[in-house]
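Remarks on the structure that follows.
The values are calculated or read from the model by the stated rules, or taken from the named source; none is laboratory data. Treat the numbers as computed from the prediction; the structure is a model and nothing was measured. Cβ placement follows ideal geometry from the backbone for every residue including glycine, while neighbour counts extend to all protein chains displayed. These area figures cover heavy atoms from the full protein model, side chains too; ligands, DNA and RNA do not enter into them. Shrake-Rupley method; radii C 1.70, N 1.55, O 1.52, S 1.80 Å.
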Amino acid sequence: MAEWSARARREGLSVGFVPTMGALHQGHLDLIARARQAHPRVVCSIFVNPLQFNNLEDLERYPRQLEQDRAMLQEAGCDALFAPQAETLFADLQPHTYDLGGLDGHWEGPSRPGHFQGVVKVVERLFHFVRPDEAFFGEKDRQQLTLLRHIARQEHWPERIIACPTMRAVDGLALSSRNARLSPGERDQATILFKALTVAARMAFKHPVEEVDRAVKDALQAEPTVTLDYFGIADHDTLEPLKDWGDRDLAVALIAAQVGPVRLIDNITLVR
Ligand code: AMP
């Protein structure tokens with residue numbers, strides 16, 4: 001794969017990269033379209049990374065559909081697919097713990113011990129094999145994006161990290177490979193996550209943070225079978241939880257909840 005990218009660069013063609021875990025949907029295809037716009041060569045990877053799962057059942061049940069994904073990538077004009085085996089990807093992996101700068105101290109971090117170390121390790125490996133110029137990541141996984149930007153700076157990774165907006169279904173539910181595991185009833189209930197985030201977006205900067213927090217939790221009562229893991233408002237750049245708005249013009253509201261068999265996450269940018 002590195003040779004493929006090197007050849008492209010020798011021909012003066014830059015390489016855009018979209019790492020995924022497959023079961024592709026419109027959100028992934030949007031990342032590929034953005035990579036396409038910026039680069040004459042685009043690579044997508046599909047690898048269900050065991051290191052970032054802290055729940056064996058979630059790993060085993062994660063949807064896998066390589067042949068369908070391959071067809072979707074062809075249709076999307078993706079030039080190459082990198083779908084490595086774990087043994088290849090992690091062959092010469094040295095044990096290493098990344099300094100995540102405390103960015104894993106909130107939100108997904110406490111709920112998923114080891115998750116972000118696993119994410120950083122796999123992205124480092126994928127970059128090692130693919131050697132792209134730029135890599136495209138979704139804001140859907142906001143904390144992952146923040147953390148990868150931090151690590152890329154800290155570790156002097158040459159690859160640039162590009163943020164892409166969250167693609168949603170018409171009713172607001174953020175597209176996710178895990179949505180495929182929801183029953184029709186659960187799929188309807190899941191829209192409460194986006195509804196809660198829009199309550200926050202409407203009230204942000206006009207009401208105290210604590211009041212927004214209360215209103216969101218009230219809104220979530222509409223779906224008592226959806227179990228909230230966390231909701232909170234955070235600094236836009238560091239994702240530190242906020243107690244007041246201060247003089248900032250941007251913030252983020254983040255949510256995670258269990259809907260039926262699936263844990264879903266979402267977030268929204270709050271603008272003054
Ligand atoms: P995944 O396959 O879930 O690991 O996601 C691969 C990439 O697609 C990550 O950068 C995600 O943030 C991004 N992604 C997932 N869902 C969406 C979405 N609904 N909109 C935009 N990007 C997404």
### Query
What ranking of 156, 96 comes out by heavy-atom accessible area, probe 1.4 Å, highest first?
156, 96
## Note on the structure
Relative contact order in percent for the chain (Cα pairs under 8 Å, 6+ apart) equals 17
### Query
Assigning unit charges at the beta carbon (Lys, Arg +1; Asp, Glu -1) and nothing else, what dipole magnitude in debye, to the nearest 20, does segment 87-170 show about its Cα centre?
260
### Summary
Given unit charges at Cβ for Lys, Arg (+) and Asp, Glu (-), the dipole magnitude of the chain about its Cα centre in debye, nearest 20, is 480
### Query
³J(HN,Hα) across segment 162-167 via Karplus (A = 6.51, B = -1.76, C = 1.60, θ = phi - 60°), whole Hz, x for Gly/Pro?
10, 8, 10, x, 6, 8
### Task
Along Cα→Cβ, 7 Å out, is where each label goes; now give me the distance between the ones at residue 235 and residue 211 in nm to one decimal.
2.5
### Task
Calculate, for the chain, the solvent-accessible area per residue in square angstrom, rolling a 1.4 angstrom probe over the heavy atoms of the protein chains.
48
### Task
Using the 2.2 N^0.38 Å rule of thumb for compact globular proteins, work out how segment 37-171 stacks up: its C-alpha Rg over that value, please.
1.09
## Note on the structure
Taking protein heavy atoms only, a 1.4 Å probe, and rounding to whole percent, the accessible area of segment 173-254 owed to carbon and sulfur comes out at 51
### Task
On the protein heavy atoms, probe 1.4 angstrom, tell me the percent of accessible surface of segment 51-133 carried by carbon and sulfur.
48
### Selection from 145, 13, 54 lying farthest towards where the dipole of segment 1-154 points positive, charges on Cβ
13
### Message
Taking the 0 to 90 degree range and rounding to the nearest ten, how far is the long axis of helix 26-38 tilted relative to the main principal axis of the chain, both from C-alpha atoms?
### Response
50
### Query
With point charges of +1 on the Cβ of Lys and Arg and -1 on the Cβ of Asp and Glu, referenced to the Cα centre of the chain, which listed residue (88, 31, 113) lies farthest in the positive direction of the dipole?
31
### Query
What number, rounded to the nearest 500 deg cm²/dmol, is the helix-based mean residue ellipticity at 222 nm of the chain, given -39500 (n - 2.57) per DSSP H run of at least four residues and division by all its residues?
-11000 deg cm²/dmol
#### Entry: Inter-label distance, nm, simple model (7 Å from Cα along the C-beta direction), residue 225/residue 244
4.3
#### Entry: Computed accessible area, residue 237, all protein chains, 1.4 angstrom probe, square angstrom
110
### Summary
Computed over segment 140-219, the convex hull of the Cα set has an average projected area, in nm², of 7.4
### Message
With +1 assigned to the C-beta of every Lys and Arg and -1 to the C-beta of every Asp and Glu, and no other charges, what is the dipole magnitude of segment 177-271 about the Cα centre in debye, to the nearest 20?
### Response
400
### Message
Along the charge dipole of the chain, pointing to its positive end and built from +1/-1 on Cβ of Lys, Arg, Asp and Glu, which listed residue (268, 255, 1) has its Cα farthest out?
### Response
1
### Query
Which whole-number percent gives the relative contact order of segment 16-163, counting Cα pairs below 8 Å spaced six or more residues apart?
30
### Task
Compute the distribution of all C-alpha to C-alpha distances in the chain, in bins of 10 Å from 0, and list the percent of pairs in each, rounded to whole numbers.
6, 28, 36, 22, 7, 1
### Message
Give me the percent relative contact order of segment 177-271, please, defined on Cα pairs under 8 angstrom at least 6 residues apart.
### Response
33
### Summary
Amide H neighbours of residue 41 at under 5 Å, excluding residues fewer than 5 places away on the same chain, with H built from the backbone geometry, are 14, 16
